[in-house]
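Trainee: Got a structure for you, written out below as structure tokens; questions coming shortly.
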Amino acid sequence: MPEKVGTDTFRAQVLEAQRPVVAEFYADGCVPCRRLAPILSALEEEYAGKVDFVKINTGANEALTQTYGILASPTLILFRDGAEQARLRGAVKKPELIKWIGEQAL
Amino acid sequence: MYDVIIVGGGPAGLTAAIYARRSALSALVLEREDWGGAIVNAAQVDNYPGAFQKSGFGLAESFRTQAEALGAEMREGSAVQLSKINGGFLLTLEDSSAVRGKTVILAMGTQRTTLDVPGEDLPGVSYCATCDGTFFRGRTVCVVGGGDGAVDAARLLARLAAKVYLIHRRETFRAAQSGLRQLEDCPNVEIIPNAVVREIVGSDRVSTVILEDVHSRAHRELPVEGVFVSIGSRPNTSWLPKAIGRDAAGYLVASEDGATSLPGVFAAGDLRTKALRQVVTAAADGAACIRSVEAYLGRL
């Protein structure tokens with residue numbers, strides 16, 4: 001399961017990461033986020049050593065949520081070399097996610 | 001060939017699967033997208049007996065677990081065509097594969113209605129206050145709709161946003177009086193009746209909605225940063241053959257036994273013509289349909 005990241009750990013684990021990072025901004029009680037959770041867990045294993053996966057609770061991390069202009073749960077942002085490279089807004093299916101990661105991160 | 005193919009994995013379809021397996025019928029459940037149906041979006045279910053205060057997601061999960069434990073087959077796929085074949089029916093899926101069943105239960109439920117106005121794809125337009133309300137803390141938002149869903153969304157948002165407009169095309173609301181009364185106690189909620197949204201405006205996110213008064217046709221701009229849409233749903237039945245009768249809104253015409261105008265095809269749940277669309281009536285439909293399937297197959 002992707003590790004939870006907060007304001008205090010975001011820089012080290014996302015912006016300064018050696019690999020591309022897929023960060024999921026999620027909300028408690030968000031059904032599309034719940035559906036996405038097992039997919040992200042599976043992809044984290046499949047892409048181990050190539051892409052990192054983290055999750056950010058938007059309710060508990062308002063500053064990060066505002067910094068990145070999050071307006072929908074879930075929102076996936078791909079970070080590379082400390083900067084946002086791409087984002088997906090809303091529910092997404094596994095094949096679409098694999099294609100996106102392939103195009104953006106590998 | 002399955003004894004019964006159930007199209008739709010919500011409360012109606014999964015209950016049908018449970019009853020089918022209890023009657024030793026082979027059963028396949030097809031679900032296009034989201035197992036559990038519309039109820040998964042309910043934060044809390046208070047009116048399904050035995051599941052008081054359970055989440056809609058949890059309740060739907062338990063339906064599916066029970067159907068699977070009893071041996072129903074589950075498959076993700078979108079049915080796009082239903083044809084009559086010798087001894088039953090052929091359902092063609094989006095990926096061109098096909099499944100065959102002696103009978104079919106249609107239980108696809110309904111899908112949410114969109115506003116269908118310019119700007120609906122802008123960031124800041126949402127169909128889920130539970131998911132996205134937190135992003136509008138201290139901001140001005142509007143909710144569009146007049147049913148329980150809209151009133152619930154407005155109440156939730158009133159706790160987060162600085163100002164909430166509830167925009168409804170009529171003077172009176174379909175929503176339960178209890179919810180409306182609670183809304184009246186929220187000082188930051190303003191109800192705008194007799195108005196429809198004609199356009200959502202913004203460069204990279206929502207900044208304004210353009211409202212039209214349904215009587216005077218006059219337009220006015222309302223500055224908001226978030227738009228929460230809750231204007232009901234409609235059945236997804238347009239792909240079905242004409243031999244299956246439906247009403248003007250697209251609901252399948254069927255009575256309590258689920259029988260449609262095409263023998264061997266049954267309708268269960270929210271897509272059937274009925275007075276009350278609830279989990280409890282959907283589940284009842286699923287059970288009743290299996291009795292009808294058994295009768296059709298000559299097993300009773």
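The values are calculated or read from the model by the stated rules, or taken from the named source; none is laboratory data. Here the structure is a predicted model, which is why all the values come from computation and not from measurement. As a convention, Cβ positions derive from the backbone with ideal geometry for all residues, glycine included, and neighbour counts pool all protein chains shown.
Trainee: Does residue B:43 qualify as being modelled with pLDDT under 95 and assigned by TED's automatic domain parsing to the domain that holds residue B:79?
Mentor: yes
Trainee: While we're on this one: Can you pull out every residue in the range B:16-40 that is modelled with pLDDT under 90 and either aromatic (Phe, Trp, Tyr) or part of a strand (DSSP E or B) (or both)?
Mentor: The one that is modelled with pLDDT under 90 and either aromatic (Phe, Trp, Tyr) or part of a strand (DSSP E or B) (or both): B:35.
Trainee: Only residues that are over 23 Å from residue B:133 (Cβ atoms), within 14 Å of another protein chain (Cβ to nearest Cβ) and among the β-branched types (Val, Ile, Thr): list them for the range A:1-48, please.
Mentor: A:39
Trainee: If we keep just the residues of the range B:36-55 that are touching a residue at least 40 places away in the same chain (Cβ under 8 Å) and under 30 Å from residue B:2 (Cβ atoms), which is surrounded by the fewest Cβ atoms within 10 Å (Cβ to Cβ)?
Mentor: B:48
Trainee: Something else about it: What is the number of the single condition among (1) surrounded by fewer than 24 Cβ atoms within 10 Å (Cβ to Cβ); (2) closer than 23 Å to residue B:272 by Cβ; (3) more than 14 Å from chain A (Cβ to nearest Cβ) that residue B:115 does not meet?
Mentor: With respect to (1) surrounded by fewer than 24 Cβ atoms within 10 Å (Cβ to Cβ); (2) closer than 23 Å to residue B:272 by Cβ; (3) more than 14 Å from chain A (Cβ to nearest Cβ), residue B:115 is out only on (2).
Trainee: OK, next. Do we find a residue being among the basic types (Lys, Arg) and either under 11 Å from the mean Cα position of the chain (by Cα) or under 21 Å from residue A:6 (Cα atoms) (or both) anywhere in the range A:49-68?
Mentor: Yes, the range A:49-68 has at least one match.
Trainee: Here's another thing I want to ask about it. In the range A:1-49, which residues are buried (at least 18 other Cβ atoms within 10 Å of the Cβ), small (Gly, Ala, Ser) and more than 16 Å from residue A:80 (Cα to Cα)?
Mentor: Selection gives A:27, A:29.
Trainee: What about residue B:167, is it crowded, with 22+ Cβ neighbours inside 10 Å, in the same structural domain as residue B:219 (by TED's automatic domain parsing), within 20 Å of residue B:116 (Cβ to Cβ) and modelled with pLDDT of 95 or more? Before the answer, list the steps.
Mentor: Values: crowded, with 22+ Cβ neighbours inside 10 Å: yes; in the same structural domain as residue B:219 (by TED's automatic domain parsing): yes; within 20 Å of residue B:116 (Cβ to Cβ): yes; modelled with pLDDT of 95 or more: yes.
So residue B:167 passes the test.
Each row is one residue, and each column tells you yes or no for (1) out of contact with any Lys or Arg (no Cβ under 8 Å at 6 or more places or on another chain); (2) aromatic (Phe, Trp, Tyr); (3) buried (at least 18 other Cβ atoms within 10 Å of the Cβ); (4) not assigned by TED's automatic domain parsing to the domain that holds residue B:284.
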residue: B:66; (1), (2), (3), (4): yes, no, no, no
residue: B:87; (1), (2), (3), (4): no, no, no, no
residue: B:98; (1), (2), (3), (4): yes, no, no, no
residue: B:104; (1), (2), (3), (4): yes, no, yes, no
residue: B:131; (1), (2), (3), (4): yes, no, yes, yes
residue: B:135; (1), (2), (3), (4): yes, yes, yes, yes
residue: B:146; (1), (2), (3), (4): no, no, yes, yes
residue: B:155; (1), (2), (3), (4): yes, no, yes, yes
